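The values are calculated or read from the model by the stated rules, or taken from the named source; none is laboratory data. The shown structure was predicted, so the numbers you read here are calculated from the model rather than taken from an experiment. A quick note on method: Cβ atoms are made from the backbone with ideal geometry, for glycine too, and the neighbour counts reach across all protein chains shown. We work out accessible area using only protein heavy atoms, side chains counted, and drop any ligands, DNA or RNA first. Shrake-Rupley method; radii C 1.70, N 1.55, O 1.52, S 1.80 Å.
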Amino acid sequence: MMKFTKQIVALLIIGLFLIFAPNIKGDQGYVLIAIGNYTIEGSIVEFGATIVMFVVALWMVVWLLKLVYTTLILPTLWWQSRQNKNQANYLQAGIDYMTLGQWQQAINQFARVKRTERLESANKLTGVCRAQLNESDTLLLTDDIAKDTKLTTPFATLAGLMKAHKYEDANLLVQSLKLPIAKQPLPFQQLCLSVYAQNFNWNEVASHLPRLNKLAKKHSDVNAFDELQQLNQTMFYKAFTRYISAFSINQLQTVWTGWHKAIRSDRALQTSYILALSEQQQSQLIEPILLENDLLKQQDWLLEVIRHIFKNTTFVSMDLLFSQIQKHITKQPDNKTLLTIYAYLAAGQKDFQLAKQALEQVVYSNNNLVDKRLYAMVLAELGELRYSVDVFKSIT
């Protein structure tokens, strides 16, 4: 009622202005607008009245469109069925993301469910997702939710085959569906990417990965995209290690070098490849990949990768990378991330005294168990056995 009253008062004020504007005496001012061969001229009052009338006309058009929408479109069965379908899609998409283990993406989809009859199911499933994000050990879907959300879909069947490691059967199912993958929902595309990777269909991986990342960035928030990248890293690492076991490191390297640089720069894919190589202690193949990156902008990522390599190779021996980090560390001597990387690389160069000096500036503030393990090993190499044992005891 108050809103309606305000609108009436506004219309009365505008109407009085239009009625009395022509009677305003005195210097009204003059406006001249010239655009090309066209000119518009008149008094300020006339221009003001024209603008006001245009605004009123625009407001009336919007008001009429809203009236038509609320009185003619909303009540129709077509609109109601369309809304029901959209709500069902949001709920199903959330469940699909749950199947993939992408809990944040699932929460985002459930948040879009507004209809009362589906809201209870969405809220229950949101609680399950939040429990998973808090590292709960349970994932229970009640019978009524499972029935309501129709879990027996081709997506669920495909996800079940992948979970059971029946990769060839999953690939056959994707082929039998004969669907245009690029036009399917995002969760289905992600699952298909996993099918391609585990079946070593690298051409399809290279074809789908850039588009999938683009869609994920467009439709996801930062946390959800990071979650996707972490899951992709785990998935690709598994595929790469399986490929090495089935064929060889050289064949995997051939696949890698055959991809375009834009594909190789994908963070999840690159990290997975590096970790698979480090498991085989192939530091000479890893170093060129690391040097392709901007070491200063990617230093947090580089440190995590170096830590993983250290776990598999004991010492990280990379001469060129050591030289590059040494140049950067002279310009940023207080950068703790660079100091930690420098310590790992110095130990790889067998310069244990230098590694010790760098570690002593960061190991206690970082409080990272892998860094402490390196510190203990460096101390042992320097003959400080008692101190080394104390450090080892602190991490066990």
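Here are some notes:
- Top-ranked residue of segment 266-281 - restricted to ones that are over 16 Å from residue 208 (Cβ atoms) and part of a loop (DSSP other than H, G, I, E, B), ranked as most open to solvent (accessible area, probe 1.4 Å): 281
- As a summary of the residue check, residue 262 satisfies the conditions (1) over 24 Å from residue 100 (Cβ atoms); (2) at pLDDT 95 or above except for the one numbered (2).
- Of everything in segment 283-302 that is assigned to a helix (DSSP H, G or I) and without any contact (Cβ under 8 Å) to a residue 12 or more places away in the chain, the residue that is most open to solvent (accessible area, probe 1.4 Å) is 284.
- Residue list for segment 174-192, filter: open to solvent by less than 40 Å² (accessible area, probe 1.4 Å) and either β-branched (Val, Ile, Thr) or free of Cβ contacts under 8 Å to residues at least 40 places away in the same chain (or both): 174, 181, 189, 192
- Of the criteria (1) under 23 Å from residue 273 (Cβ atoms); (2) open to solvent by 70 Å² or more (accessible area, probe 1.4 Å), which one residue 331 fails: (1)
- The residue of segment 334-348 that is least open to solvent (accessible area, probe 1.4 Å), among those that are polar (S, T, N, Q) and in a helix (DSSP H, G or I), is 340.
- Whichever residue in segment 205-224 is open to solvent by less than 60 Å² (accessible area, probe 1.4 Å) and either at pLDDT 90 or above or of a type in the set (Ser, Thr, Tyr) (or both) and, among such residues, is farthest from residue 180 (Cα to Cα): 220
- Pair list, Cβ under 8 Å, 6 or more apart: segment 371-396 residue under 19 Å from residue 351 (Cα atoms), other residue open to solvent by less than 80 Å² (accessible area, probe 1.4 Å) and of a type in the set (Ser, Thr, Tyr): 371/340; 372/394; 374/344; 376/388; 377/314; 377/388; 379/388; 380/388
- The sole residue among 125, 141 that is at pLDDT below 80, in a loop (DSSP other than H, G, I, E, B) and surrounded by 13 or more Cβ atoms within 10 Å (Cβ to Cβ) is 141.
- Beta carbons closer than 6 Å, at least 6 apart along the sequence or on distinct chains, pair a first residue in segment 230-251 that is farther than 18 Å from residue 267 by Cβ and in a helix (DSSP H, G or I) with a second that is modelled with pLDDT under 95 and not aliphatic (A, V, I, L, M) for 249/280.
- Residue 182 vs. criteria modelled with pLDDT of 85 or more and in contact with a helix residue (DSSP H, G or I) (Cβ under 9 Å, 6 or more places away or on another chain): no
- Looking across 305, 316, one residue alone is more than 16 Å from residue 349 (Cα to Cα) and surrounded by 17 or more Cβ atoms within 10 Å (Cβ to Cβ). It is 305.
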